Amino acid sequence: MDVDQISAARLISQGLVGPAPASPTGTALSPAGAVVEHLGCVQAQALGGALASVALRSGDNAPASLDAVRAAIDAGEVVRSWTQRGTIHLTTAKDLGWILSLTGPRTMKSTAKRREYFGITDAMLETAAELATDAIRERGPLTREELLEAFAPVGAGDEYGHARYLITSLCLQNLLVQAPMIAGKDDMKYVLTADWVPTPTELGAEAALHEWMRRYVLSHGPVTIDDATRWTGLPKTTVKSAINTALDAEEIIGTTIGDVDYVHAPDLEDRLAEFESAAQGTMLLPGFDEIILGYKDRSATLDPEHEKLVVPGGNGMFKNTVISQGRAHGTWKRSPRKTGSRVVTDAFPGLKVDTDAVEAAAAAHPAFA
């Protein structure tokens, strides 16, 4: 594998090209659930885009594919929470507990000053936990607004930051989790984790880290130690140790591409030989898709000179990308017109976007069904 093949290999690893991912643990899951388990976590700040990212990898471009992802959430397979880097992600319900055991305490520690700034004390969190438990057990899953109403005795909702850190803290402690979907919206309710996930997978710290890094490498490779460190938000020495354990077990393999050390699935070279030509096709990806967000170094897919065109503020919001020949060639959005082209594209300087190929991709895209 050479440098120019890295992006194509990642498209294949992630399931955007080639067969849809299977469950990495052999669990009987829906196609959408298997995709989420394969990826480990899926950035879900923009939930509609996250649903499309999962659907695009599910092997199902039928009109019901987005509904199939929503169904996996409603069925209890997939949930949303602040799993890593203080950012909200989709993950499999059964795995949420051991993932948060790795990341939750670190995030709680890193946000302590923000909670203090907004006047959130440990006693307040304990009271909020009791209020949430009583309200959800009495009324069932609650929307964010309904949850804040339940928190009225502790003053939640008086200002955005107070409400935000109150809710996220209870999620980081794994008391609350987002599920199921709100009917007719790309948004989710809140439930009690213990009730929604009655049989979570139990893993000790070492086994949990090993499993998370194994999945990340298999689903995102080729990746570097720095990529994995950035994705998890965990210390580099900890991440490196877990990846070395997976290397020793021959679950993953290492290789040098250019002058950089990478790790990836043992069979990735074979799959690259089979599906590399398919990876040259045109794809329409949501802004927060893992092919961009899943790496510290995005340059294999997104030229650094074009990064500000995808992330205008340098962080926060990511525009949708047009992927062609394995690389980002521009951004896209839905056309406001009811007739004619479905998509409006904005090619990067010096590059072209094949509008016919874009329209063909839109015709098969779950978000346009």
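The values are calculated or read from the model by the stated rules, or taken from the named source; none is laboratory data. No experiment lies behind these values; they were computed from the predicted model shown. Ideal geometry is used to build each Cβ from the backbone, glycine not excepted, and the neighbour counts take in all protein chains shown. Remember, those area values only see protein heavy atoms, side chains included, never the ligands or the DNA or RNA. Shrake-Rupley method; radii C 1.70, N 1.55, O 1.52, S 1.80 Å.
Within segment 194-242, track down each residue that is hydrophobic (A, V, I, L, M, F, W, C), part of a loop (DSSP other than H, G, I, E, B) and farther than 20 Å from residue 34 by Cα. Talk me through it step by step, then tell me what you get.
Within segment 194-242, the subset hydrophobic (A, V, I, L, M, F, W, C) is 194, 196-197, 203, 205, 207-209, 212-213, 217-218, 223, 225, 228, 231, 234, 239, 242.
In the following step, the residues that additionally are part of a loop (DSSP other than H, G, I, E, B) were identified as 197, 203, 234.
The answer is 234, and nothing else.
Tell me which of these residue 191 doesn't satisfy, since it passes every other one: (1) of a type in the set (A, V, I, L, M); (2) in contact with a Gly (Cβ under 9 Å, 6 or more places away or on another chain); (3) open to solvent by 20 Å² or more (accessible area, probe 1.4 Å).
(3)
Only one residue in 224, 237, 193, 255 is free of Cβ contacts under 8 Å to residues at least 24 places away in the same chain and among the hydroxyl-bearing types (Ser, Thr, Tyr), so which one is that?
Working: 224 fails: free of Cβ contacts under 8 Å to residues at least 24 places away in the same chain; 193 fails: free of Cβ contacts under 8 Å to residues at least 24 places away in the same chain; 255 fails: free of Cβ contacts under 8 Å to residues at least 24 places away in the same chain.
Result of the check over 224, 237, 193, 255: 237.
Check residue 308 against each of (1) open to solvent by 40 Å² or more (accessible area, probe 1.4 Å); (2) within 22 Å of the chain's Cα centre (by Cα); (3) in contact (Cβ under 8 Å) with a residue 40 or more places away in the chain and name the one condition it does not meet.
(3)
Which one is surrounded by the most Cβ atoms within 10 Å (Cβ to Cβ), of the residues in segment 243-257 that are out of contact with any Lys or Arg (no Cβ under 8 Å at 6 or more places or on another chain) and assigned to a helix (DSSP H, G or I)?
First, pick out the residues of segment 243-257 that are out of contact with any Lys or Arg (no Cβ under 8 Å at 6 or more places or on another chain): 243-245, 247-250, 253-257.
After this cut, where a residue has to be assigned to a helix (DSSP H, G or I) as well, the list is 243-245, 247-248.
On the way: 243: 25, 244: 15, 245: 16, 247: 14, 248: 9.
Selected residue: 243.
Working only within segment 258-294, note down all residues that are in contact with a helix residue (DSSP H, G or I) (Cβ under 8 Å, 6 or more places away or on another chain), hydrophobic (A, V, I, L, M, F, W, C) and either free of Cβ contacts under 8 Å to residues at least 40 places away in the same chain or surrounded by fewer than 16 Cβ atoms within 10 Å (Cβ to Cβ) (or both).
Hit for segment 258-294 is 292, nothing else.
Looking at 224, 232, which one is β-branched (Val, Ile, Thr), under 19 Å from the mean Cα position of the chain (by Cα) and buried (at least 23 other Cβ atoms within 10 Å of the Cβ)?
Matching residue, one of 224, 232: 232.
Looking at segment 149-175 only, could you name the residues that are open to solvent by 20 Å² or more (accessible area, probe 1.4 Å) and within 26 Å of the chain's Cα centre (by Cα)?
Across segment 149-175, the qualifying residues are 160, 164, 165, 173, 174, 175.
Go through 69, 78, 35 for me and flag whichever is without any contact (Cβ under 8 Å) to a residue 24 or more places away in the chain, buried (at least 24 other Cβ atoms within 10 Å of the Cβ) and among the β-branched types (Val, Ile, Thr). Explain how you work it out, then say what you get.
Numbers: 69 fails: without any contact (Cβ under 8 Å) to a residue 24 or more places away in the chain; 78 fails: without any contact (Cβ under 8 Å) to a residue 24 or more places away in the chain.
One residue alone meets the criteria, 35.
Here are the criteria: (1) open to solvent by less than 30 Å² (accessible area, probe 1.4 Å); (2) assigned to a strand (DSSP E or B). Tell me which single one residue 362 does not satisfy.
So the condition that residue 362 fails would be (2).
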